[in-house]
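Shown next, in structure tokens, is the structure this report addresses.
The values are calculated or read from the model by the stated rules, or taken from the named source; none is laboratory data. Keep in mind that this is a model prediction, so the values were computed, not measured. Note that we place each Cβ from the backbone using ideal geometry, even for glycine, and neighbour counts take in every protein chain shown.
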Amino acid sequence: MATEALGDERPALFLRKATGLVRGWNVRDSLIYAVLSTNFVTLGLFTFTYAGPSFPTGQLLTSVVISAILVSFLVVAYTGLITTIPRAGGDYVWQTRILGSGVGFVFAVTGWWFILWLWAPIYGNILAIQFFEPLWATLGSPSGAAWFGTDNGIFVVSLITIVLAGVLVSIGMAGYARIQKWCIYGGLIGFAVIVVLLLINSHADFIASFNQEASKLFGVNHAYAATNAAAVKAGYTAPSLGFGPLGATLLLVPNMMFFILWPNWGASLYGEIRGASDFKRVFRGMFFGLWITTALVVIFFLLMAKTFGWAFYQNANAAFFNGTFPIPVWPYPFMFAGWLVHNAAFQVILILVMSLWFFGWVGTLFLSSTRVIFAAAFDRVLPDRAAEVSEKRKVPLYSLILMLLPAVGLSAIYAYSTTFRTYTLDATLVIAVTYLFSAIAVVLLPFIKKDLWRASPASKVKLLGVPIVPVSGVITILLLGFCLIAWLVNDNYFVNNPSSLIFMGAMYVLAIVLYVVARVVRRRQGIDLGLINKEIPVE
Amino acid sequence: MRVFFATDIHGSEICWRKFLNAASFYKADAVILGGDVTGKVMVPITEHNGYWQVVLAGETVRLDTREELADAERQIRNRGSYPAVMSPDELTELSKEEGAVDRRFSVEMIASLDRWLDMADGKLKGGEIPCLLNGGNDDIWEIDDVIDASPYVTFGEGKLIDLGGFHLVSMGWTNPTPWDTFREAPEEELAAKIEAVANLVPDMGRAIFNFHAPPYGSGLDDAPALDANLRPMHGGAVMKPVGSTAVSDAIVRHQPMLSVHGHIHESRGIKKMGRTLAINPGSVYGDGVLQGALLELDPKKGKVSKYLLVNG
């Protein structure tokens with residue numbers, strides 16, 4: 001038999017050649033996944049539109065940096081979970097093992113399945129405002145562009161998004177993973193072009209270009225001044241770019257979670273890990289992914305402040321937020337950057353290239369849902385059919401139905417109810433609750449699974465003799481606890497009104513009902529679901 | 001009749017102990033371990049003057065007492081590795097001498113299996129509860145005789161075994177893997193081996209196939225796609241089917257009542273293939289959790305009346 005020795009001077013262990021002994025994955029791959037998940041273009045720009053006007057004196061840039069620092073602790077906590085229990089299934093596996101079957105089921109299906117029904121129209125909305133609207137406008141059809149912002153437009157684009165994500169689930173990740181890689185490379189090239197444009201053009205150049213293109217494409221004259229005036233008319237005063245005040249800036253942190261809370265989105269994809277060095281590898285992928293995103297945001301903000309004018313960007317968002325933006329489409333800063341070059345072909349290409357940030361990201365919408373549905377079906381909580389894959393087409397038909405049909409329904413509500421559309425942060429809140437319970441699990445891990453923890457590389461990572469993983473879990477609990485309290489008590493996040501709370505509560509009720517009904521039905525069939533995670537005694 | 005099936009415990013002593021206790025815990029009438037019994041890792045513990053030294057999870061640990069040594073050995077065994085106590089000189093020699101590590105590995109594997117089989121006595125009511133063990137592609141050949149010689153367990157490979165009126169046949173070989181392990185064969189050869197055991201079965205309606213390799217493309221055989229350097233592609237996000245077409249064809253052709261598999265740890269699942277219920281309970285032996293399948297077999301109807309995947 002062939003063997004391999006691992007160790008520096010003297011071998012610390014010997015491995016014999018056996019199935020499954022794979023080398024650690026490339027950090028670059030998980031880094032790409034983390035950058036796409038904390039997508040500053042699709043999710044980031046979307047949230048900046050609403051966050052700034054919601055907390056007018058808060059500083060976007062500072063809040064992004066504070067958020068990234070705090071989410072870094074979440075990265076450490078999740079690295080601890082991944083390296084201690086390196087199983088595909090992520091939060092579901094960790095929570096069921098550490099906190100129990102019922103808890104694991106309820107928070108996995110709400111955070112990784114039910115709430116993604118709401119993410120579908122949010123993705124659709126982003127596709128509408130970052131792709132279809134600017135494209136149609138640049139191609140000379142402002143009315144066509146504006147249609148994508150209407151109720152019907154949002155619904156149609158949501159359906160396109162659902163079909164796109166469903167097809168990508170059906171064809172599998174193999175081809176798409178390659179596409180993702182090219183999308184991020186293309187997207188970064190597009191961003192580099194924008195950086196150059198913002199660097200070489202002055203503020204005066206931008207004002208002239210903005211006025212010229214807004215007039216040409218939308219027939220709006222003196223659009224720059226009109227935008228600023230519209231914000232003022234709406235009662236908004238843009239803060240200058242700075243660092244404080246801290247209070248209002250901290251209130252922006254729960255908004256920032258909408259895009260920055262997801263460096264661990266690929267956590268459920270990791271498989272067997274074999275060595276202590278893998279703690280660093282897992283950590284680096286997520287951590288550098290998070291901080292690359294943060295760096296891109298900082299670069300973008302600073303350059304935009306220089307060329308657009310920081311107040312203008314804030315005013316454009318505030319005017320759109322208040323429905324007074326003189327241009328009839330979403331204030332897409334990359335479209336405005338493209339206007340610095342008075343060439344329609346260039347502008348179209350730039351929009352297409354920047355849309356790669358969307359197309360490299362959309363495929364992950366339902367990927368985790370399929371896994372959770374399959375896991376729940378294998379655990380007999382859902383009917384066996386939920387995990388069936390069509391022999392002919394190799395499509396997980398029933399799980400697709402369980403994902404797509406509710407997503408279509410919610411897309412309709414989202415598109416035709418402007419009130420419901422304001423519940424966007426519900427989509428973050430429900431997943432944050434799932435993360436919260438994983439953070440609780442990581443804190444309890446050393447006490448509940450002592451042997452597992454002791455043998456884990458995560459237990460050896462210490463600062464001043466204190467293991468940093470559980471400590472990071474505590475900080476993550478504080479971060480998510482702060483966000484949850486802020487979301488629930490402050491009206492400016494639009495999630496604490498009764499119908500929003502009923503909507504989210506219904507998801508938890510549905511999950512609990514599903515679990516209880518499954519327990520009862522299976523018991524009648526003579527199957528005790530309580531046995532699934534009951535540990536066999538060792539002695 | 002209730003059967004507990006687990007697989008791929010890869011030397012994890014905690015999983016073995018749980019396996020032995022599974023019959024009483026789940027009130028099973030028979031227990032089956034589907035292959036890949038032996039571990040993949042050997043951890044040297046160097047013996048010095050009055051203390052021992054070992055690297056555990058990347059950290060060098062000094063063990064000053066026999067209790068600490070025993071505790072470290074327990075930890076190593078529970079993770080599916082073999083502790084090997086040796087002098088620093090022996091360790092140096094082991095690293096240098098051609099084939100020495102292989103020989104030491106075999107010694108530790110056999111010694112460990114011997115110990116395990118001794119434990120089986122009290123747990124299986126002195127052989128009253130049928131317990132079947134089989135080899136998997138990762139198991140060295142020497143374990144076959146050791147298992148075969150045990151009075152408390154039955155070695156399944158290539159045999160027809162009556163299990164309360166059901167017909168169990170076992171085959172631990174798999175289709176080729178990138179690791180070139182012990183019991184691998186091309187699909188054609190695998191098909192011939194399967195036919196040899198399938199032909200022993202008098203009634204497929206009551207047959208149980210215990211084949212280590214899962215059927216190709218069944219969803220029970222999805223493993224991370226690897227590049228030429230055995231590195232997971234695309235951050236481990238891309239899975240591909242790696243099971244056996246020979247196993248798949250045999251299930252479709254013979255339609256046994258039940259088909260149990262292992263080999264692909266991350267592909268825990270259930271698949272209905274015609275009238276056959278195919279199951280891979282997966283394995284997370286490294287966590288000390290024994291994944292398994294609880295199967296209720298109806299002797300009158302000749303079918304699997306209930307099943308549940310458990311993480312014991």
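Taken over the range B:212-236, the criterion of being surrounded by fewer than 22 Cβ atoms within 10 Å (Cβ to Cβ), over 21 Å from A:GLY266 (Cβ atoms) and out of contact with any helix residue (DSSP H, G or I) (no Cβ under 6 Å at 6 or more places or on another chain) is satisfied by B:GLY217, B:ALA228. The C-beta contact set for the range B:265-277 (first residue farther than 21 Å from B:LEU297 by Cβ, second residue part of a loop (DSSP other than H, G, I, E, B) and of a type in the set (S, T, N, Q), distance under 6 angstrom, 6+ apart or interchain) comprises B:HIS265/B:SER283.
Taking each residue of the range A:140-158 that is within 13 Å of A:SER417 (Cβ to Cβ) and looking for partners that are part of a loop (DSSP other than H, G, I, E, B) with beta-carbon atoms closer than 9 Å, six or more apart or interchain, yields A:ASP151/A:SER417; A:ILE154/A:PHE148.
Each row is one residue, and each column tells you yes or no for (1) in contact with a helix residue (DSSP H, G or I) (Cβ under 7 Å, 6 or more places away or on another chain); (2) aromatic (Phe, Trp, Tyr).
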| residue | (1), (2) |
| --- | --- |
| A:ALA318 | yes, no |
| A:GLY323 | no, no |
| A:ILE327 | yes, no |
| A:PRO331 | yes, no |
| A:PHE334 | yes, yes |
| A:ASN343 | no, no |
| A:LEU352 | no, no |
| A:PHE366 | yes, yes |
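Can we say B:PRO256 is surrounded by 24 or more Cβ atoms within 10 Å (Cβ to Cβ), touching a residue at least 12 places away in the same chain (Cβ under 8 Å) and more than 10 Å from chain A (Cβ to nearest Cβ)? Explain how you work it out, then say what you get.
Values: surrounded by 24 or more Cβ atoms within 10 Å (Cβ to Cβ): yes; touching a residue at least 12 places away in the same chain (Cβ under 8 Å): yes; more than 10 Å from chain A (Cβ to nearest Cβ): yes.
So B:PRO256 fits the description; yes.
Any residue at all in the range B:117-125 that's under 30 Å from B:LYS271 (Cα atoms) and without any contact (Cβ under 8 Å) to a residue 60 or more places away in the chain?
Here is the first cut: in the range B:117-125, the residues under 30 Å from B:LYS271 (Cα atoms) are none.
There is no residue in the range B:117-125 that is under 30 Å from B:LYS271 (Cα atoms) and without any contact (Cβ under 8 Å) to a residue 60 or more places away in the chain.
Please state which one of A:VAL516, A:VAL495 is in a loop (DSSP other than H, G, I, E, B), out of contact with any Lys or Arg (no Cβ under 6 Å at 6 or more places or on another chain) and either away from chain B (no Cβ under 14 Å) or in contact (Cβ under 8 Å) with a residue 24 or more places away in the chain (or both).
Just a single option satisfies the conditions, and that option is A:VAL495.
Summed over the range A:231-244, the residues that are over 26 Å from A:VAL297 (Cα atoms) and of a type in the set (Gly, Ala, Ser) give a count of 2.
Of all residues in the range A:220-242, those that are among the polar types (S, T, N, Q) and within 16 Å of A:PHE210 (Cα to Cα) total 3.
Listed by first and then second residue, the pairs with beta-carbon distance under 7 Å, at least 6 apart or on different chains, first residue in the range A:366-385 and of a type in the set (Asp, Glu), second assigned to a helix (DSSP H, G or I) and surrounded by fewer than 24 Cβ atoms within 10 Å (Cβ to Cβ), are A:ASP384/A:ALA377. Under the condition of being in contact with a Gly (Cβ under 7 Å, 6 or more places away or on another chain) and either in a helix (DSSP H, G or I) or at pLDDT 75 or above (or both), which residue from the range A:261-276 is surrounded by the fewest Cβ atoms within 10 Å (Cβ to Cβ)? The qualifying residue surrounded by the fewest Cβ atoms within 10 Å (Cβ to Cβ) is A:SER268. Could you go through the range B:149-156 and let me know if any residue there is out of contact with any His (no Cβ under 6 Å at 6 or more places or on another chain) and within 14 Å of chain A (Cβ to nearest Cβ). No, because not a single residue in the range B:149-156 is out of contact with any His (no Cβ under 6 Å at 6 or more places or on another chain) and within 14 Å of chain A (Cβ to nearest Cβ).
On the stretch given as the range B:148-179, residues that are farther than 30 Å from B:ASP227 by Cα and either in contact with a strand residue (DSSP E or B) (Cβ under 8 Å, 6 or more places away or on another chain) or polar (S, T, N, Q) (or both) total 20.
In the condition set (1) assigned to a helix (DSSP H, G or I); (2) surrounded by 14 or more Cβ atoms within 10 Å (Cβ to Cβ), B:GLU93 is compliant with all but (2). Just one of (1) modelled with pLDDT of 95 or more; (2) surrounded by fewer than 24 Cβ atoms within 10 Å (Cβ to Cβ); (3) closer than 30 Å to B:THR174 by Cα fails for B:LEU69. It is (3). Reported count of residues in the range B:9-64, each being without any contact (Cβ under 8 Å) to a residue 12 or more places away in the chain, of a type in the set (S, T, N, Q) and assigned to a strand (DSSP E or B), is 2. Please work out if A:VAL103 is in contact (Cβ under 8 Å) with a residue 12 or more places away in the chain, surrounded by fewer than 24 Cβ atoms within 10 Å (Cβ to Cβ) and more than 30 Å from A:ALA311 (Cβ to Cβ). Judged against the criteria, A:VAL103 is a match.
Filter the range B:160-187 down to the residues that are within 14 Å of another protein chain (Cβ to nearest Cβ) and of a type in the set (Asp, Glu), then identify the one that is nearest to B:GLY136 (Cα to Cα). Steps first, please.
Looking only at the range B:160-187, we keep the residues that are within 14 Å of another protein chain (Cβ to nearest Cβ), and these are B:172-184.
Subset that is of a type in the set (Asp, Glu): B:180, B:184.
Working: B:ASP180: 13, B:GLU184: 9 Å.
Per the criteria, the residue is B:GLU184.
In the range B:100-144, which residue that is of a type in the set (Gly, Ala, Ser) and more than 9 Å from chain A (Cβ to nearest Cβ) is nearest to B:LEU168 (Cα to Cα)? Show your work before the answer.
Taking the range B:100-144 first, the residues of a type in the set (Gly, Ala, Ser) are B:100, B:106, B:111-112, B:120, B:122, B:126-127, B:135-136.
Next cut, more than 9 Å from chain A (Cβ to nearest Cβ) only: B:100, B:111-112, B:120, B:122, B:126-127, B:135.
Details: B:ALA100: 38, B:ALA111: 28, B:SER112: 27, B:ALA120: 21, B:GLY122: 25, B:GLY126: 21, B:GLY127: 18, B:GLY135: 15 Å.
By that ranking, first place goes to B:GLY135.
For the list (1) assigned to a strand (DSSP E or B); (2) buried (at least 24 other Cβ atoms within 10 Å of the Cβ); (3) of a type in the set (A, V, I, L, M); (4) more than 10 Å from chain A (Cβ to nearest Cβ), I need the number of the one condition that B:ILE279 fails. Failing condition for B:ILE279: (4). Selection of the range B:195-211 for residues being buried (at least 18 other Cβ atoms within 10 Å of the Cβ) and touching a helix residue (DSSP H, G or I) at 6+ places or on another chain (Cβ under 9 Å) yields B:ALA198, B:VAL201, B:ALA207, B:PHE209, B:PHE211. Against the numbered list (1) assigned to a helix (DSSP H, G or I); (2) modelled with pLDDT under 90; (3) within 24 Å of A:SER170 (Cβ to Cβ), A:LYS394 comes up short only at (1).
Regarding the range B:129-140, can at least one residue be identified that is outside any loop (DSSP other than H, G, I, E, B), over 22 Å from B:ILE264 (Cβ atoms), touching a His at 6+ places or on another chain (Cβ under 9 Å) and touching a residue at least 40 places away in the same chain (Cβ under 8 Å)?
Going residue by residue through the range B:129-140, those that are outside any loop (DSSP other than H, G, I, E, B) are B:131-133.
Remaining after also requiring over 22 Å from B:ILE264 (Cβ atoms): B:131.
Imposing the further condition that a residue be touching a His at 6+ places or on another chain (Cβ under 9 Å) reduces the set to none.
Scanning the range B:129-140 turns up no residue that is outside any loop (DSSP other than H, G, I, E, B), over 22 Å from B:ILE264 (Cβ atoms), touching a His at 6+ places or on another chain (Cβ under 9 Å) and touching a residue at least 40 places away in the same chain (Cβ under 8 Å).
Residues considered: A:ILE349, A:ILE373. Of these, the only one that is assigned to a helix (DSSP H, G or I) and surrounded by fewer than 18 Cβ atoms within 10 Å (Cβ to Cβ) is A:ILE349.
Can you tell which of B:LYS271, B:LYS240 is facing chain A (nearest Cβ under 9 Å), part of a strand (DSSP E or B), over 17 Å from the mean Cα position of the chain (by Cα) and surrounded by fewer than 21 Cβ atoms within 10 Å (Cβ to Cβ)?
Numbers: B:LYS271 fails: surrounded by fewer than 21 Cβ atoms within 10 Å (Cβ to Cβ).
Testing whether each residue is facing chain A (nearest Cβ under 9 Å), part of a strand (DSSP E or B), over 17 Å from the mean Cα position of the chain (by Cα) and surrounded by fewer than 21 Cβ atoms within 10 Å (Cβ to Cβ) leaves just B:LYS240.
Cβ separations smaller than 7 Å between residues 6+ apart or across chains give no pair from the range B:165-180 residues that are modelled with pLDDT of 95 or more to residues that are surrounded by fewer than 18 Cβ atoms within 10 Å (Cβ to Cβ) and of a type in the set (Ser, Thr, Tyr). If I filter the range A:376-389 for residues that are under 24 Å from the mean Cα position of the chain (by Cα) and away from every other protein chain (no Cβ under 14 Å), do I get at least one hit? No, the conditions are met nowhere in the range A:376-389. Going by what's in this entry, would A:SER417 be described as crowded, with 22+ Cβ neighbours inside 10 Å and among the small types (Gly, Ala, Ser)? So A:SER417 does not fit the description; no.
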